[in-house]
Amino acid sequence: MTDRDQEAVKAFLTDPATYGRTDPVERIDTHISHLFLIGSSAFKLKRAVRLPYLDFSTPERRLDICERELSLNRRTAPELYLGVRRITARAGGCEFDGAGPLLDAVVEMCRFDQEGIFDQMAKDGKLTSQHLDALAGEITTFHAAATVDEMARGAENIAAVLKINEAGFRQGSVFNEDEISRLNSAFEVALQDHAAQLNDRAKAGQVRHCHGDLHLRNICLYQGRVRLFDCLEFNDALATVDLLYDLAFLVMDLWHRGLRAEATRVVNRYFDTYGYEDGYVLMPFFTALRAAVRAHVTATQAESAASNQAALVDEARAYFDLAENLLVPKAARLVAVGGLSGSGKSTLAEELAPHLGRPPGARVISSDRTRKAMFDVAPSVALPPEAYSADVSARVYSAMATRAQKLLAGSVTVIADAVHDRSDDRTQIRAAAQAANVGFDGLWLEADPDLLHSRLNTRDPGASDADADVLAKQLARAPTVMDWEAVSTANSLAQSLKEALLHLNEATSRSGHPTGRRPSDAPGEGQ
């Protein structure tokens, strides 16, 4: 059976009378499916095709795949996936779930507003920080419950993907041999660097049956909640991957679209709750691999495109360039952001992150989130006063320094976000950079006390519990921070970001060191 042999089934699904309605049926076609939309329902029909990575060639196969799609997608979007309908033969045509021979099958879904798909929301500029934080939470929860591949192989699995990519590039004419060899060599070097960690992650159960197709077009806002849908259902092997490789598809999609701050935020929020923070160093590699896959797939589409070929070639090259850029080594650095409550530390740290380190940007270690994790509560849950005792705060700063040093040793750039108004705390975080032999820069944020109070009264507190009393105590200590670069946050966020980046770039220029100030050049205490 071929796609053409499904004409009777498609006519049946296109007829409003099939659903007892008179309004027209909207149809959306993809390379492997047809989607029929009417009223509050959607019906997804598999094309009768056989490809190297899937087999939809018989009605029985398509029924099996529909049932598989229903089961897998109910892991993340149970409200959207209603059931599977058999399409059977009857005299003169087709019907749903009849006694006649099986002709085909469809997945029945709840229809949702296309404006709520993250792809469209991104185009419309409607993706908020709340959406991104919720998305990271949904992915983390899903990954935590995903089925572990007990027989997983780490580096060997990735090596197989690299071979498929290399063969895919050589099937077309978009990329020349020098380009293909150059990219493949860079991947081989990176794989060798990460092989031991990939194997360790596989042994630790970090290879699981994931979504497999986690990009913006497969994420939506439904009834006010972020939902992952349309997972890769037709090939379990392709969907059984390292959790971070699953996440990397989304990160790559965001970065490719120029949504770099959004990509960095999702990754940081994911790692805030995921654990296994040492895996952060793998994100550039996995994101490059996802970009390379898209490059050769898009190039293949361009080869056979009847129209829009030039645009597809340009897009394939953009993916290719992204993959190459992600594989370029870059030394780590530590940037500490300090200031009194209300000075905008967390906001500026988030804005700085996409500009530092290799994509998807710097790992932001926040004292507020570190403290909440220490007490095993969500970032939005307020802690009692005793959670802010001197002893607890000392543990928080120590934990931040330890985490920073470990990440820096793995070539991950880190931003440490905390008040840092005490000399000992500043010394401790600088020591983490010295121990990892990377550059260090401290930024001290300044604003008028009246403005600080105003911000505390009007801001979304996020993970912070700081209030007017906390700020008053900080002001009473009258900290004088001369050993870090002062950055005014009295004006716009854009101006503060510009000033902070200027300081960091000047530090790099002064030292002649790729990461900024050498650890041996660190100035003494200014108090």
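Just so you know, all these numbers are worked out from the coordinates, no wet-lab data involved. The model shown is predicted, which means the values in this text are computed figures rather than measured ones. Note: ideal-geometry Cβ built from the backbone for every residue, glycine included; neighbour counts use all protein chains shown.
Pairs from the table (123/163; 126/406; 123/345; 203/406; 126/345; 330/406) lying more than 26 angstrom apart at Cα are 123/163; 126/406; 123/345.
As a proxy for reagent exposure, ranking 290, 477, 422 by other Cβ atoms within 10 Å from fewest up yields 477, 422, 290.
Based on alpha-carbon atoms, the Kirkwood radius and the radius of gyration of the stretch 3-111 give Rg/Rh equal to 0.94. Helix content alone sets the calculated 222 nm mean residue ellipticity of the chain: runs of n ≥ 4 DSSP H residues at -39500 (n - 2.57) each, divided across all residues, give -15500 deg cm²/dmol.
The mean of 1/r over all distinct Cα pairs in the chain, once inverted, gives the Kirkwood hydrodynamic radius of 25.5 Å.
If a spin label sat at a point 7 angstrom from the Cα of residue 454 along the line to its beta carbon, the backbone N atoms of the stretch 347-380 nearer than 19 Å would be those of 347-348.
At the listed q of 0.18, 0.24, 0.27, 0.28 Å⁻¹, the Debye profile of the stretch 437-483, built from one uniform point per Cα, gives log10 I(q)/I(0) equal to -0.69, -0.99, -1.12, -1.16.
Phi-derived couplings, Karplus 6.51 cos²θ - 1.76 cosθ + 1.60 at θ = phi - 60°, listed residue by residue for the stretch 25-39: 8, 8, 10, 10, 10, 10, 6, 10, 8, 10, 10, 10, 10, 8, x Hz, with x used for Gly and Pro. Amide H to amide H, with H built 1.01 Å from N, residue 364 comes under 5 Å of 415, counting only residues 5 or more places away or on other chains. A Förster radius of 56 Å, combined with the Cβ-Cβ distance separating residue 409 from residue 91, puts the computed FRET efficiency at roughly 0.15.
Computed FRET efficiency, Cβ-Cβ of residue 114 and residue 308, R0 22 Å: what is it to the nearest 0.05? For residue 114 and residue 308, the calculated efficiency is 0.55. Computed from the Cβ-Cβ distance with R0 of 60 Å, the FRET efficiency linking residue 390 to residue 177 stands at 0.40. Oblate is the label for the stretch 366-490. Its Cα gyration tensor axes, ordered a ≥ b ≥ c, give a/c of at least 1.5 and b/c at or above a/b. Phi angles across the stretch 394-400 convert, under the Karplus curve 6.51 cos²θ - 1.76 cosθ + 1.60 with θ = phi - 60°, into 3J(HN,Hα) values of 4, 5, 4, 5, 5, 5, 4 Hz, Gly and Pro given as x. Normalised by the number of residues in the stretch 208-350, the mean separation of alpha-carbon contacts (under 8 Å, six or more apart) gives a relative contact order of 18 percent.
Any idea what angle helix 260-274 forms with the longest principal axis of the chain, computed on alpha-carbon atoms, 0 to 90 degrees, nearest 10? Around 80 degrees separate the two axes. Cα-Cα pairs above 24 Å in the stretch 261-358: how many percent? It works out to 40 percent of all Cα pairs. Can you give me the C-alpha center-to-center distance between the stretch 1-53 and the stretch 411-438, rounded to a whole angstrom? Rounded to whole Å, the Cα centres lie 58 Å apart. Per residue, the convex hull spanned by the Cα atoms of the stretch 118-326 measures out at 125 cubic angstrom.
Only lysines eight or more places from residue 10 in sequence, or on another chain, were considered; those with a Cα closer than 26 Å are 44, 46. Averaging the Cα positions of each part gives two centres, and for the stretch 326-395 and the stretch 154-217 these lie 31 Å apart.
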